Every structure is written in C-alpha cells, then in structure tokens.
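The values are calculated or read from the model by the stated rules, or taken from the named source; none is laboratory data. Note that the structure is predicted; figures quoted are calculated from it, not measured. Quick reminder, even Gly has a Cβ in these numbers, built from the backbone with ideal geometry, and neighbours come from all protein chains shown. With ligands, DNA and RNA removed, areas are computed over all heavy atoms of the protein, side chains included. Shrake-Rupley method; radii C 1.70, N 1.55, O 1.52, S 1.80 Å.
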Amino acid sequence: MQHSPSDMRHMEALLDFYLASGVDASLGENVVDWFQLSEVQAKARQQSPMAQVATPAMVPGQDAAQQAPQIPPQHQPTSQRGAVQAAPVGGAGPRVGTDHGAIPDQAVISMARELASSTGSLADLQACLEAFDGCNLKRTAKSLVFADGNPDARIMLIGEAPGRDEDLNGKPFVGRSGQLLDRMLKAIGLDRTQVYIANTVPWRPPGNRTPTPQETEICRPFIQRQIELVNPDVVVFLGAASAKTLLGVQDGIRKMRGRWMTYPVAGRQVAALATYHPAYLLRSPLEKRLSWRDFLSVKSKLSELG
Ligand code: URA
C-alpha cells in the first residue's frame with residue numbers, strides 16, 4: 001500500500017505526539033514479555049556493550065537454553081543438586097539467581113527458601129546472599145546490608161530496608177534513624193554490642209522506595225533464616241513493614257505497637273513486639289513517648305525471661 005506524503009507527515013506527527021506523551025513501546029501481534037526482554041538486554045549488554053537483542057519474539061527460548069543460573073553446589077536447591085549446569089555465562093564465577101531472566105518470581109521464591117534453609121551459620125547465610133542474584137534490588141544497591149551488632153544478643157531488631165547511608169556503609173541503621181535508635185537503646189541501658197540488627201530486605205531499594213511485595217517475598221526466607229540462626233529471646237520489629245512481613249499480621253502500626261506477640265523460631269515461640277520505626281519518630285517526635293514505653297517493655301520482658 002502506498003502512502004501519500006501527507007499521510008506520512010500525519011503519521012510522523014502522530015509518532016511525535018506519542019513520543020512526547022511518554023509512549024516508548026508499540027503493540028505488535030505477538031505477545032512480548034518486556035520484563036524478561038529487559039533482563040536479557042541487560043545481560044547482553046553486560047557481555048558485550050555492542051550486543052543487541054534484536055528480535056524480541058525469539059529471545060525467550062534462546063535465552064533459557066543458553067543461560068542457566070550458576071549455583072554453588074552447597075547452595076543448590078535440592079531439586080537441582082546433581083543436575084548438569086550449563087556453561088557459565090560471561091565467566092563471572094558462580095552466582096545464584098535469575099540472570100537468565102526466565103525464572104518466574106514463584107520459582108525464585110522457592111529457590112530462595114531452599115538456599116536459605118541450606119545455610120548452617122550466619123557467615124554461610126551472608127555468603128549465600130552475596131552470591132544470590134534473584135532479587136533485582138541487588139543490581140542497584142552498592143552493598144549487601146546484612147547485619148550489625150552481636151549475633152549472640154538476646155534482642156534482635158528488624159527494620160524494613162537499608163537507606164542511602166546504610167548502603168554506603170554496608171551496615172543497618174547508621175543514618176539519622178540509626179542514631180535515634182542508638183539513643184533509644186542507650187535509654188534502656190543497651191548499645192549495639194548487646195543487640196543484633198538486621199532488615200527484612202538487605203539491599204537498598206532505589207531512591208529509598210518501598211520494596212515491592214515480590215522483592216519482600218524473595219528476601220523473606222533469608223531474614224527468617226537469619227532470625228533462626230541468631231535465635232534471640234526477643235524480636236523487635238521496627239515499623240509495620242517488618243512485622244507484617246514476618247508475622248503475617250495486617251494491622252497498622254498504631255494498633256499493633258506495644259502488644260506482645262510471638263514469632264515461631266524452630267519450634268519455639270519467641271516474644272515479639274512491634275514499635276514505631278525510628279524514621280517515623282524523626283517525623284513525629286510526639287510519638288516518642290509511646291516508643292519509650294515499648295522500649296521499657298522490652299527491657300522488662302528480658303528480665304522476666306531471665
Ligand atoms: N531504615 C530501615 O528500615 N533500615 C535501615 O537499616 C535504615 C533505615
């Protein structure tokens with residue numbers, strides 16, 4: 001079909017309008033998984049800056065066949081142990097994850113569960129997370145923010161996700177909210193040598209956005225294992241996010257805070273309390289009086305438990 005010059009101008013004007021409106025992809029007859037494709041393109045670029053992934057419809061099959069994830073034997077899901085792994089892609093050494101872009105979230109979550117439960121110590125868990133590429137947050141974060149404090153502590157404090165300062169330092173709660181947390185601990189006679197601190201999600205979400213439900217689900221088995229390995233007497237959830245993720249409760253923090261609950265750790269019911277997140281207290285200083293009560297309650301729980 002021939003188009004007249006005025007048809008062409010009209011079409012160009014329409015495309016300009018679409019571009020100006022932020023439309024950057026067109027719909028074709030074939031269904032394209034753009035999420036998968038962007039992973040494939042990122043991988044291709046990593047291997048060769050000039051590499052182009054030109055034919056979307058061909059990519060998924062080709063990619064799955066060529067790029068299986070590399071998993072260290074001790075951290076392979078049992079379902080894959082002994083299976084033949086494809087040759088490493090790009091020679092980057094063993095990694096665990098979804099570099100091939102073809103593993104759906106559910107499979108990554110199952111893999112995370114198996115990997116986390118295969119670890120026998122905190123050092124092992126940390127190494128496992130360092131090698132895990134199944135959570136996209138790792139791509140934008142500078143560091144894995146695993147933990148701070150004393151692994152033998154009786155109290156474990158759990159936040160949501162690292163921010164900028166934590167990402168730069170590789171330690172949880174070192175920014176402004178961390179300094180407030182230190183002051184609150186000091187007020188009940190504790191410091192970081194007497195507590196263990198971690199986050200539900202160990203990588204900083206870009207721009208400090210809230211982790212997505214998928215990112216949280218992928219990271220959940222690791223923090224669950226971390227709690228098991230620390231095996232504290234008391235767990236304190238800093239903010240609603242970590243309490244909701246780990247206790248499965250739906251209440252808001254106002255309703256939930258200050259109420260003793262239990263968190264199951266290896267067949268044991270561990271005393272658990274949610275309190276306001278220090279970042280919230282920085283914005284709402286009047287609420288500090290309630291946090292103060294919560295921290296006193298933690299202190300008396302510890303004495304009660306002996
Ligand atoms: N907020 C969190 O939830 N965790 C941190 O480590 C820092 C800020």
Filtered residue count, segment 217-238, keeping only those that are open to solvent by less than 50 Å² (accessible area, probe 1.4 Å), within 16 Å of the ligand (Cβ to nearest atom) and either out of contact with any strand residue (DSSP E or B) (no Cβ under 7 Å at 6 or more places or on another chain) or small (Gly, Ala, Ser) (or both) = 2
ask   = Across segment 182-216, what is the number of residues that are away from the ligand (no atom under 14 Å from the Cβ) and in a loop (DSSP other than H, G, I, E, B)?
value = 7
key: Which numbered condition Gln179 fails, given (1) of a type in the set (S, T, N, Q); (2) in contact (Cβ under 8 Å) with a residue 24 or more places away in the chain; (3) within 13 Å of the ligand (Cβ to nearest atom)   = (2)
message = Of everything in segment 272-289, what is under 18 Å from Gly189 (Cα atoms) and over 24 Å from the mean Cα position of the chain (by Cα)? Give them in sequence order.
response = Lys288, Arg289
ask   = In segment 116-170, which helices (runs of 4 or more DSSP H) lie fully inside it and hold 1 or more residues that are more than 16 Å from the ligand (Cβ to nearest atom), farther than 21 Å from His277 by Cβ and of a type outside the set (Asp, Glu)?
value = 122-131, 137-140
message = I'd like to check something: does segment 259-267 contain any residue that is outside any strand (DSSP E or B), within 16 Å of the ligand (Cβ to nearest atom) and modelled with pLDDT of 95 or more?
response = no
Selection from segment 272-306 of residues that are in a helix (DSSP H, G or I), under 18 Å from Thr262 (Cα atoms) and touching a strand residue (DSSP E or B) at 6+ places or on another chain (Cβ under 8 Å) = Asp294, Phe295, Ser297, Val298, Lys301, Leu302, Leu305
inquiry  = From the list Arg183, Arg176, Arg164, exactly one residue is under 13 Å from Trp203 (Cβ atoms), open to solvent by 20 Å² or more (accessible area, probe 1.4 Å) and among the basic types (Lys, Arg). Which is it?
reply    = Arg164
ask   = When residues of segment 262-285 are filtered for being in contact (Cβ under 8 Å) with a residue 12 or more places away in the chain and surrounded by 12 or more Cβ atoms within 10 Å (Cβ to Cβ), how many remain?
value = 15
